Amino acid sequence: MTAPADIPPLTRESLPDEPVEQFARWFEQAQRDPRVPHPTAVCVSTIDPRGFPDSRMVLLKTFDREGFVFFTNMHSAKARSLLALPRAAMCFYWEGLGRQVRVQGTVTRVGEDEADTYWRSRPRESRIGAWASDQSETMPGPAALARRVRELADALGDRDVPRPPHWSGFRVAPLRMEFWQEAPDRLHDRFVYRRVGQRWEISQLYP
């Protein structure tokens, strides 16, 4: 498989000095291209307490030069892993465009104001669900979660749903970013940005 005909080859001359700028270009294209149904979906990998890699899909909510942000229950397995070892890898794969972006970086928890702002943007049902779910814990039966959602909705009535103290977000600050684009005969284009002090070094990699 190769990148679609309307996608130009990835070259060193086409790359900006900052990797997040390059990501923004590709992300904007992915968002408006019908061949990419879920552009914000990203695999986040952490290291669990036993030292094993652990991966799962999350949704990217925002990004800038400071990093890539997603939100979660702070009692979840990924949150516990990140609080213990604040490093992560992320992988975006936009099959319809023949593109992949990999990110490695350090992790910090977002500020309370940032978490509050995103919390308020969530649908009411999702906010109730965040309270009802003991994420990553064993569920006693298939009806348990639905029952808790109903109980919370009844208890809240028309009142606002506050952000749980155990719900927030993480920011992955990139130290390494790789951009990969499919090409004929598996001779794919690969470029990597590596953080060196306050600047980025760019190298081309063999596919």
(request) Using a 1.4 angstrom probe on heavy atoms only, work out the carbon and sulfur share of the accessible area of the range 71-190 in %. (result) 52 percent
(message) Taking amide H atoms as placed 1.01 Å from N in the peptide plane, list the residues 5 or more away in sequence, or in a different chain, whose amide H sits under 5 Å from that of residue 167.
(response) 74
(request) Per residue of the range 173-180, in order, report the coupling 6.51 cos²θ - 1.76 cosθ + 1.60 (Karplus, θ = phi - 60°) as ³J(HN,Hα) in whole Hz, putting x for Gly and Pro. (result) 8, x, 10, 8, 9, 10, 10, 10
(request) State the answer as a single residue: which of 205, 141, 119 lies farthest towards the positive end of the charge dipole of the chain, with beta carbon charges of +1 for Lys and Arg and -1 for Asp and Glu, about the Cα centre. (result) 141
(message) Placing unit charges on C-beta atoms (Lys and Arg positive, Asp and Glu negative, everything else neutral), compute the dipole magnitude of the range 113-171 about its Cα centre in debye, rounded to 20.
(response) 120 debye
(message) Given an 8 Å cut-off on Cα distances and at least 6 residues of separation, report the relative contact order of the chain as a percent.
(response) 25 percent
(request) Express the Stokes-Einstein translational diffusion coefficient of the range 90-136 in µm² s⁻¹, to the nearest whole number, given a Kirkwood radius over alpha-carbon pairs, 10 °C and a viscosity of 1.306 mPa s. (result) 114 µm²/s
(request) Work out from phi, with θ = phi - 60° and the Karplus expression 6.51 cos²θ - 1.76 cosθ + 1.60, the ³J(HN,Hα) of each residue of the range 70-87, listed in order in whole Hz, and give x for Gly and Pro. (result) 9, 10, 6, 6, 6, 9, 6, 4, 5, 5, 4, 5, 6, 5, 7, 9, x, 9
(request) Using the Cα centre as the reference, give the magnitude of the dipole from point charges on the C-beta atoms of the chain (Lys, Arg: +1; Asp, Glu: -1; all else neutral), rounded to the nearest 20 debye. (result) 440 debye
(request) Could you provide, to the nearest whole Å², the per residue accessible area of the range 8-121 with probe 1.4 Å? (result) 53 Å²
(message) Using Stokes-Einstein with the Kirkwood hydrodynamic radius over Cα pairs, what translational diffusion coefficient do you get for the range 125-207 at 20 °C and a viscosity of 1.002 mPa s, in µm²/s rounded to a whole number?
(response) 122 µm²/s
(request) Order 93, 118, most accessible first, counting only protein heavy atoms with a 1.4 angstrom probe. (result) 93, 118
(request) Give me the Kirkwood hydrodynamic radius of the chain, using the inverse of the mean 1/r over all pairs of distinct Cα atoms, in Å to one decimal. (result) 19.0 Å
(request) Quote the relative contact order of the range 94-207 in percent (integer), defining contacts as alpha-carbon pairs under 8 Å separated by 6+ residues. (result) 34 percent
(request) Report ³J(HN,Hα) in whole Hz for each residue of the range 10-19, in order, from the Karplus equation J = 6.51 cos²θ - 1.76 cosθ + 1.60 where θ = phi - 60°; Gly and Pro get x. (result) 8, 10, 4, 5, 7, 8, x, 6, 9, x
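The values are calculated or read from the model by the stated rules, or taken from the named source; none is laboratory data. What you are looking at is a predicted structure, and each value in this text was computed from that prediction instead of being measured. In this analysis, Cβ positions are derived from the backbone assuming ideal geometry, glycine residues included, and neighbour counts consider all displayed protein chains. The accessibility values were calculated without ligands, DNA or RNA, using every heavy atom of the protein model including side chains. Shrake-Rupley method; radii C 1.70, N 1.55, O 1.52, S 1.80 Å.
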